[in-house]
Each structure stands twice: as C-alpha cells, then as structure tokens.
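Here the structure comes first, spelled out in structure tokens, and everything after it is commentary.
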Amino acid sequence: MSQRPSTTPTDKRNRARIFRTRLLEAMAARALSQADLARQIGVDRSTVSQLLSSDGARLPNAQVAAECAAALGVSSDWLLGLSDRPETAADLLATSIAMTAAERAMIDEQVFSWHREAQGTKVRHVPATLPDMLKIPAFLEWEYAPHLARTGAEAIALAQDRLEWLRAAHSDYEMAMPIHEILSLARCEGYYTGLPKSLAKAQLARFAELHTQLYPRMRLYLYDARRTFSAPLTIFGTKLAAVYMGSSYLAFRDTTRVQAFSRHFDGLVREAVISARDIPSFLATLHTD
C-alpha cells in the first residue's frame with residue numbers, strides 16, 4: 001500500500017517564509033502594526049512578533065492563521081502559500097460572477113460599457129434576435145418602441161450613435177445565430193409576426209450591405225438549432241462573458257468560464273451550415289414577397 005509523502009523540513013521552512021512575507025504584505029496594505037493585528041486576533045503582541053521574526057519552519061496553528069486572514073481580508077490559503085489569489089472564496093465569487101439588470105432597449109448602457117472595455121479585441125456574439133448593430137432605424141422602432149422609456153425618436157437616435165460607434169470600433173466581431181432566425185424574418189413569422197414585408201425586405205438588404213462592407217472584420221455564421229443550441233451570450237475579449245437572461249445579464253470574469261464560453265462559441269462556428277463567406281449569396285436567395 002502506497003503512503004502519502006510527508007512534507008520535508010525544507011518544504012515547511014519555505015511555507016513559513018511565504019507566510020511571513022505575505023503576512024507582512026497584507027499588514028502593510030491595511031496599515032496595521034503588530035500591536036493592531038494582535039489586538040484584532042486576540043493574542044499577545046509577542047505572538048505576532050514571533051510569527052514575523054522566526055526564520056525557521058514554525059507556522060501558526062489553524063485558528064491563528066484563520067484569525068489573521070479574517071482580520072486582513074485575505075484567504076488563509078493565500079497566507080500559507082496554498083493559493084496565488086489573496087481574495088477569499090466569497091470575494092472571488094462576487095468578482096467573478098455578477099448579475100446585472102438588462103434593459104429592454106437597444107445597446108443598453110451596461111452592454112455599451114462592456115463593448116468599450118473590449119475595444120480592440122475580439123467580440124463573439126450570439127444575439128437574442130438579430131444583431132442590433134445590423135438593424136435599420138425603422139426595424140429598431142418596430143421592435144423596441146413598446147418598451148422605450150424615452151420617446152421613440154430619442155431612443156432611436158441614441159441607439160444609432162452607439163451602433164455607429166460599434167461599427168467603427170477597432171474590434172473583431174464574430175456572430176453566430178440560428179438560421180431559422182433569418183428565415184423567420186424573411187417570412188415575417190414567429191417573433192417577426194406583424195412586421196411589414198417591406199420592412200423585412202429593407203432589413204435583409206441592409207443586413208447584406210453591412211456584412212459586405214464590414215467583412216472580414218465582422219463575420220456572421222448561421223447554425224442549425226436542431227443540431228446545436230446556444231443561449232444569447234456575448235464574449236468580450238478574453239476577460240468577460242455575459243449571458244442574456246431576458247431581464248438580466250449573468251456576467252462572468254473568471255478565466256476558466258470565459259474560456260469555456262469561447263469554446264462553446266467556437267463549436268457553433270464549426271457547426272455552421274452557412275459560413276461567413278457565404279452569407280451574401282444566402283441572403284440573395286431569400287424572398288419576402
């Protein structure tokens with residue numbers, strides 16, 4: 001039967017050195033003296049002094065380590081050299097996942113701020129309907145007018161300014177959406193029931209025009225939702241991914257989850273039945289009569 005290897009004296013001395021270094025660093029960040037820390041964790045000042053001055057392999061017991069971590073606002077694992085992140089688990093969770101209210105409006109303030117944050121990087125987008133940045137003013141008004149807090153004209157003007165900024169931004173845009181979304185638009189069915197045929201035709205024409213103008217900086221892929229599925233989401237560069245939930249966004253900033261969403265998006269691109277290169281010819285085959 002194999003035995004778990006024991007920690008060597010060298011390992012203990014190294015961990016004790018890390019503890020002393022990080023304890024001093026955290027105290028300096030909080031502007032706490034040895035006396036301040038001793039008072040907060042309920043020990044004699046000499047105990048803190050020994051923890052900081054010893055050059056051997058001495059480590060505090062679990063309670064003292066936990067009290068130090070709590071007083072300094074860091075994790076015990078970080079103090080003991082078991083983690084490279086000083087934040088506590090609760091703080092890491094709070095900063096890596098956030099739920100933000102989503103307005104029922106074009107390019108709302110939160111989304112626009114994320115786009116500005118990601119300017120110059122790659123943005124991957126699975127829209128809830130059509131990509132907002134490709135919509136014409138008349139379509140925006142038809143879609144959003146019932147939900148606008150401002151007057152329709154003011155909201156449309158603001159949306160147009162933001163959409164123009166997105167089109168001019170030095171970002172690389174990849175978009176993926178189910179092919180049935182475009183077909184439903186062309187037929188004025190489903191979500192687009194009640195949309196005038198003339199408006200659907202104008203929107204499709206502008207869609208093709210903008211894609212041609214912006215390609216290859218902007219690339220659109222159409223996938224078959226019967227073969228693969230995606231919730232609406234946007235991946236802003238390498239540091240943020242946001243899932244649209246209707247009334248809110250669930251935003252992730254931890255690297256592992258952002259990478260997972262990026263791999264998911266790459267899967268949509270691989271499964272595309274219409275590639276970005278073929279979008280203009282596909283749109284030309286659609287009829288709205």
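The values are calculated or read from the model by the stated rules, or taken from the named source; none is laboratory data. Since the structure is predicted, the reported quantities are computational estimates derived from the model, not experimental observations. Every residue, glycine as well, gets a Cβ built from its backbone with ideal geometry; the counts of neighbours run over all protein chains shown.
Would you check if Val273 is modelled with pLDDT of 95 or more and out of contact with any Ser or Thr (no Cβ under 9 Å at 6 or more places or on another chain)? Answer is yes for this residue. Quick check on this structure: which one of Tyr215, Tyr191 is within 19 Å of Glu143 (Cα to Cα) and of a type in the set (Phe, Trp, Tyr)? The conditions single out Tyr191. Looking at Thr193, Thr212 in this structure, which one is modelled with pLDDT of 95 or more and polar (S, T, N, Q)? The match here is Thr193.
When Thr228, Thr256, Thr238 are checked against the criterion of being free of Cβ contacts under 8 Å to residues at least 12 places away in the same chain and surrounded by fewer than 19 Cβ atoms within 10 Å (Cβ to Cβ), a single residue qualifies: Thr256. Checking the stated criteria, Gly194 turns out to be in a loop (DSSP other than H, G, I, E, B) and in the same structural domain as Val123 (by TED's automatic domain parsing). If Phe252 satisfies every condition in (1) at pLDDT 95 or above; (2) of a type in the set (A, V, I, L, M, F, W, C); (3) under 20 Å from Ser171 (Cβ atoms) but one, which is the exception? Single failed check for Phe252: (1).
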